[in-house]
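Scroll down for the structure; my scribbles are underneath it.
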Amino acid sequence: MAAPTPSPTASSLAPDWLGDLDIWLLSQGKHLRPWQKLGAHAVTLGGVSGTAFAVWAPNARSVALQGDFNGWQSQPMRHRGDCGVWELFVPGTGVGAWYKFDVHGADGRHVLKTDPYARETELPPGNAARVCAPLDAACAALPDNAPAATLARSTQRPPGSGEAPMAIYEVHAGSWRRPWGADVMPTWDDLARELVPYAAGLGFTHIELLPVNEHPFYASWGYQPTGLYAPTARHGSPEAFRRFVQAVHAAGLKLILDWVPAHFPTDEHALARFDGTALYEHADPREGFHRDWNTLIYNFGRHEVKNFLVGNALYWIEQHGVDGLRVDAVASMLYRDYSRPEGEWVPNRDGGRENYEAIAFLREVHEVLQRELRRKERALAEAATLLVLTKNTRRCWGTRTNDLHPTAPDFTGADSRSLQRRREAGDSLHPDRLVRAHGAALATPTRPRRRSSRGGPPRTSRACQQAQRGRLDGPGGTCAARAGRAAP
């Protein structure tokens with residue numbers, strides 16, 4: 001295949017957006033914050049205000065830019081061959097502009113693609129990306145930079161300070177309560193006013209949101225994301241999501257997001273065969289196609305793909321102020337034969353079933369977050385096991401089913417009164433014990449979550465036993481069970 005070349009109509013006088021160091025870091029998959037250079041950025045170059053666009057598509061024959069600023073006509077981009085990135089600076093284009101990439105792939109097809117690094121996209125089924133405010137300005141809205149009075153309020157509530165057992169209220173933002181009407185999707189500001197005080201009033205220490213990344217198929221509940229860097233437009237703008245995060249922290253709570261780096265859907269406008277080749281996914285379907293969910297599996301062995309995902313984990317915590325991540329579908333990442341019959345999977349280099357590349361990826365995510373965010377709480381979890389790392393606790397493994405890890409502690413539901421009684425009585429809970437709300441069972445992307453039927457551990461308080469039987473009632477329904485009900 002001939003090397004891609006920029007169109008002769010592309011301006012050779014346009015200023016460079018990528019510097020030599022950026023090119024080297026991106027080519028090596030070592031750019032710690034790739035979102036700072038890839039995507040769309042409203043900047044001033046050479047004294048001219050405009051927007052710099054950059055997209056990784058190393059095997060594309062050409063890439064052009066379409067947007068509302070050029071009448072949705074293809075505007076050729078320049079190829080930076082050393083790193084496979086196409087870039088273009090468009091003077092006069094600023095925040096609020098909508099755009100797509102016209103990728104002429106290695107397979108000869110022209111496909112309009114959504115920017116993988118888009119920080120805001122259209123409300124589905126639309127899929128154009130939007131130029132957002134510069135990241136430095138956006139960071140000013142993060143909770144860490146909130147007014148002193150707001151931060152003072154956040155320190156007044158013991159549960160969020162690490163002094164109380166960890167109690168997580170897990171919820172799907174789109175289907176929680178809906179007091180505004182069954183057909184009305186709540187905004188982030190609505191949830192800040194209603195959900196945050198509701199969870200805080202029940203004595204929870206953390207809110208865990210099902211994936212908030214943009215996703216075209218609503219019934220997936222976010223577990224088949226196409227826009228890893230964009231909060232879904234169903235609930236409002238990225239700025240509104242930051243206000244929600246700020247409200248969570250102001251109430252003395254912390255926020256965990258479900259995060260899906262295991263697989264992505266096959267939608268043509270997204271990552272699938274992005275440059276006309278299997279770029280983000282494996283070319284061999286025995287490695288790159290997930291039989292259970294009809295999705296594509298990330299190629300963790302490709303350093304640019306790993307850079308995309310590791311950078312995304314850091315992005316949500318650093319740019320949006322999120323406190324932790326729960327990694328979904330980890331088992332499907334760790335084992336090459338996951339849900340595959342004999343002869344339909346590719347062994348590792350030693351002939352085994354372990355996915356060394358996925359293991360290395362998860363290790364790198366953990367190391368990067370530890371190194372870059374030592375003052376923040378990190379949470380990495382999987383549907384069967386949950387590893388929680390915090391500033392003040394030791395490492396512990398928990399499990400929801402004793403047949404997986406017979407010696408691990410079971411989780412119990414609890415309401416605010418039982419938690420308060422435990423604190424007042426000096427109940428000697430294990431310092432690493434994780435208390436999760438009944439009814440917020442972890443699930444695969446293919447089915448709605450169901451109320452758990454597990455029993456509690458010995459010597460559980462009456463309030464906890466009632467919670468386990470689904471009797472912890474409030475205006476939002478039975479604890480988190482109704483919070484996890486699918487939308488009509």
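The values are calculated or read from the model by the stated rules, or taken from the named source; none is laboratory data. Quantities reported herein were computed from a predicted structural model and do not represent experimental measurements. A quick note on method: Cβ atoms are made from the backbone with ideal geometry, for glycine too, and the neighbour counts reach across all protein chains shown. The protein model used for the area step is the full one, side chains on, heavy atoms only, and it has no ligands, DNA or RNA in it. Shrake-Rupley method; radii C 1.70, N 1.55, O 1.52, S 1.80 Å.
Note on segment 83-101: residues that are more than 20 Å from residue 126 (Cβ to Cβ) and in a strand (DSSP E or B) total 7.
Checking the stated criteria, residue 277 turns out not to satisfy the condition of being open to solvent by less than 10 Å² (accessible area, probe 1.4 Å) and modelled with pLDDT of 95 or more. Scan segment 88-106 residue by residue and report those that are out of contact with any Ser or Thr (no Cβ under 8 Å at 6 or more places or on another chain) and among the small types (Gly, Ala, Ser). Of everything in segment 88-106, just one residue is out of contact with any Ser or Thr (no Cβ under 8 Å at 6 or more places or on another chain) and among the small types (Gly, Ala, Ser), namely 96. The helices (runs of 4 or more DSSP H) falling completely within segment 238-342 that include 3 or more residues that are out of contact with any helix residue (DSSP H, G or I) (no Cβ under 7 Å at 6 or more places or on another chain) map to 285-288, 303-320, 330-334. Quickly run through segment 317-331 and pick out the residues that are crowded, with 22+ Cβ neighbours inside 10 Å and of a type in the set (D, E, K, R). Of everything in segment 317-331, those that are crowded, with 22+ Cβ neighbours inside 10 Å and of a type in the set (D, E, K, R) turn out to be 323, 326, 328. Count of segment 341-363 residues, restricted to those that are surrounded by 12 or more Cβ atoms within 10 Å (Cβ to Cβ) and modelled with pLDDT under 95, is 0. For residue 6, the conditions (1) of a type outside the set (Phe, Trp, Tyr); (2) at pLDDT 95 or above; (3) surrounded by 14 or more Cβ atoms within 10 Å (Cβ to Cβ); (4) in contact with a Pro (Cβ under 8 Å, 6 or more places away or on another chain) all hold with the exception of (2). Across segment 211-242, the qualifying residues are those that are of a type in the set (A, V, I, L, M, F, W, C) and open to solvent by less than 10 Å² (accessible area, probe 1.4 Å), and the one among them that is farthest from residue 296 (Cα to Cα) is 240. Set side by side, the residues 71, 47, 108, 92 differ, and just one is open to solvent by 30 Å² or more (accessible area, probe 1.4 Å), over 26 Å from the mean Cα position of the chain (by Cα) and modelled with pLDDT under 95, which is 47. Against the criterion of being aromatic (Phe, Trp, Tyr) and open to solvent by 30 Å² or more (accessible area, probe 1.4 Å), residue 56 does not qualify. Yes or no: segment 169-188 includes at least one residue that is at pLDDT 55 or above, assigned to a helix (DSSP H, G or I) and crowded, with 22+ Cβ neighbours inside 10 Å. Yes - at least one qualifying residue is present in segment 169-188. Taken residue by residue, segment 206-213 has at least one member that is modelled with pLDDT of 95 or more and within 25 Å of residue 57 (Cα to Cα).
Would you be able to say whether some residue in segment 21-34 is in contact (Cβ under 8 Å) with a residue 40 or more places away in the chain, among the small types (Gly, Ala, Ser) and farther than 21 Å from residue 304 by Cα? Scanning segment 21-34, I find no residue that is in contact (Cβ under 8 Å) with a residue 40 or more places away in the chain, among the small types (Gly, Ala, Ser) and farther than 21 Å from residue 304 by Cα, so the answer is no. Residue selection: residue 25 satisfies the criterion of being surrounded by fewer than 21 Cβ atoms within 10 Å (Cβ to Cβ) and either modelled with pLDDT of 95 or more or at positive phi (or both). For segment 29-82, a residue qualifies if it is under 22 Å from residue 122 (Cβ atoms), touching a Ser or Thr at 6+ places or on another chain (Cβ under 7 Å) and assigned to a loop (DSSP other than H, G, I, E, B), and exactly one does: 69.
Being farther than 29 Å from residue 319 by Cα and part of a loop (DSSP other than H, G, I, E, B) is true for just one of 115, 107. Which residue is that? Every option except 107 fails the conditions. Taking the conditions exactly as written (more than 16 Å from the chain's Cα centre (by Cα) and at pLDDT 95 or above), does residue 266 satisfy them or not? In short, yes.
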